[in-house]
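Data block below; observations after.
The values are calculated or read from the model by the stated rules, or taken from the named source; none is laboratory data. Predicted model, so just to flag it, every value in this text is computed and none were measured. Ideal geometry is used to build each Cβ from the backbone, glycine not excepted, and the neighbour counts take in all protein chains shown. We work out accessible area using only protein heavy atoms, side chains counted, and drop any ligands, DNA or RNA first. Shrake-Rupley method; radii C 1.70, N 1.55, O 1.52, S 1.80 Å.
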Amino acid sequence: MPTEPLYDLLSEALIPVRYRDGVTREHTLPELLSALQESGIESFPTLRPHQTHPWHAFLVQLAAMAIHRARATTEPATPAEWTERLLLLSEGQREPWCLVVPDLSKPAFFQPPVPEGNLAKFNKWPGGTPFPDEIDMLVTAKNHDVKQRRIRRPAPAHWIFALTTLQTSDGFLGRGNYGIVRMNGGFSSRPSIGFTPSLHPDDRFRRDLQVLLATRADAYTLFDYARNGGITLLWLLPWDGAKSVPLTECDPYVIEICRRVRLTMANNAILGHGAPSQGTRIDAPGLNGRTGDPWNAIRRGEPASSLTVGGGGFTYRLVNDLLTASTYAPGAALRIHETDAADLWFTAATLVRGQGKTEGFHERWLPVAGRVRRLLFTREGRELIGKLAEARIQEVSEVQHRALKPAILALLQGAPENLDMKDERAGRWLAHLDDEVDAVFFADLWDSIQKEQDPDEALEDWARTVFELAEKILDEAIDSLPIPDSRKYRAISVAQRIFYGRRKARLGGGKEQTDATAV
């Protein structure tokens, strides 16, 4: 058993970085922060998709607090300067930056000191787990989709990323496993929503760091954070699993921990150990995730709460609400600032959590440039885009419920004289149209805005597009639904009359279908 700390992120090159020239180099944490200030980084090759935002948020929050705590007006220029700033955050201790620290009275990277002085209560993974993905936040108990224990020969970087993701993004997972404060309840998630000049991690890092530095004062209007000397790295403090830390004692960009975890070494391999806790590490009752997280959004109304993304992910309806700030108040990263580039990307990502399950990792990117970018910069412009988008969403709803749904029900029910509109079997076909619309919604809207097309003309073109998508779905339903032979041709005829009657009424100036089966 080692007696000295191992895997020091400040002095050992443990983090693999792939550059745009195809070369992969390993960096210390200070070297990485220095490299992110320049262009050239392509990706982190050992970073799993759902770990991307936790790692990005950690780096940006860390850099922002390091610069603020040093009362500096400029960013560190060299790895040596970054090392000094990080040691200032850790009160001069190097152990908080080491993966394995045998002295349990001292912190390790994302691992608080253990007041008991032993690991007797750390029995979540009996004997310790050698698999970093087992301590990760993914719920993979049934061994489906993402297999368990995939990382058979882990490098230190795998542990670094797993710890960062677990401690800054996990929610409630049964008694003794409580979540972070930056989400709306234990079964919610911590999303990543914002703008970026490119999809490269270095460009995104520099932009978000400037945003956090420029908007720091705004955080104090949202919550009564400690203004001077607040807690920055929560893992520096001993934790017995019982005592919580008030959020009022924390820095606005505090880097959280939510679980009692400790790494040890055995047979030249890292082992992970976990212990239950009696409550959350940060005490912030009633906030519903409203902590000023730069990458989240707050739902307006009572009770106000941070965004919870459902199993459908970032649908065009949700993205419209986020971009236009109609339903959600945007976080700092989701606001366009004067210093932002002329061409931006809207990015959104989250791992949707459920009760004892994971409902998928969802991402979305949208280019935002030209007139669209200029409109989204102002409140009046966002209101205009919101008005145009809502009219298009209403068109989709009209086609779904007045044309496609009754046509599908006519097929399913054999064209009775009166359709049962409560029949839920048409639901998946309406969802299919939503998916088809989702693929073209913003491209079509952006194109009409860039061309400054007449809104009424653009809306009619959009209605035509939606009917074309719906027609393909109806044809698919005619070919695939099990229609009784005795009523097959009648059902198809009625379904088509309903659908094409609605289309003619909307686009052709004709009267609506008056067949007895139409609704």
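Numbers for the structure displayed
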| read-out | value |
| --- | --- |
| Condition broken by VAL139, with the remaining ones in (1) open to solvent by less than 40 Å² (accessible area, probe 1.4 Å); (2) at pLDDT 90 or above satisfied | (2) |
| Residues satisfying the stated conditions in segment 227-244, i.e. open to solvent by less than 20 Å² (accessible area, probe 1.4 Å) and either in contact with a Pro (Cβ under 8 Å, 6 or more places away or on another chain) or at pLDDT below 95 (or both) | GLY230, LEU233, LEU234, TRP235, TRP239, GLY241 |
| Residues of segment 331-352 classified as farther than 18 Å from HIS56 by Cβ and buried (at least 18 other Cβ atoms within 10 Å of the Cβ), total | 2 |
| Top-ranked residue of segment 411-449 - restricted to ones that are among the small types (Gly, Ala, Ser) and in a helix (DSSP H, G or I), ranked as farthest from LYS488 (Cα to Cα) | SER448 |
| Index of the failed condition, HIS158 passing every other in (1) more than 18 Å from the chain's Cα centre (by Cα); (2) open to solvent by less than 10 Å² (accessible area, probe 1.4 Å) | (2) |
| Pairs with Cβ under 8 Å, 6+ apart, first in segment 200-227 and within 13 Å of ALA57 (Cβ to Cβ), second of a type in the set (Gly, Ala, Ser) and surrounded by fewer than 16 Cβ atoms within 10 Å (Cβ to Cβ) | ARG204/SER198 |
| Cβ-Cβ under 9 Å pairs, at least 6 apart or on other chains, segment 94-112 side in contact (Cβ under 8 Å) with a residue 12 or more places away in the chain and over 20 Å from CYS258 (Cβ atoms), far side surrounded by 24 or more Cβ atoms within 10 Å (Cβ to Cβ) and among the β-branched types (Val, Ile, Thr) | GLU95/VAL101; SER105/VAL114 |
| Options ARG497, ARG464, ARG503; residue that is at pLDDT 95 or above, touching an Asp or Glu at 6+ places or on another chain (Cβ under 6 Å) and open to solvent by 40 Å² or more (accessible area, probe 1.4 Å) | ARG497 |
| Candidates GLY312, GLY331 - the one that is in contact with a His (Cβ under 9 Å, 6 or more places away or on another chain) and not β-branched (Val, Ile, Thr) | GLY312 |
| Odd one out for ILE151, checked against (1) touching a strand residue (DSSP E or B) at 6+ places or on another chain (Cβ under 8 Å); (2) over 19 Å from TYR253 (Cβ atoms) | (1) |
| Matching residues, segment 207-226, being touching a Pro at 6+ places or on another chain (Cβ under 7 Å), modelled with pLDDT under 95 and closer than 19 Å to ILE336 by Cα | ARG216, ALA219 |
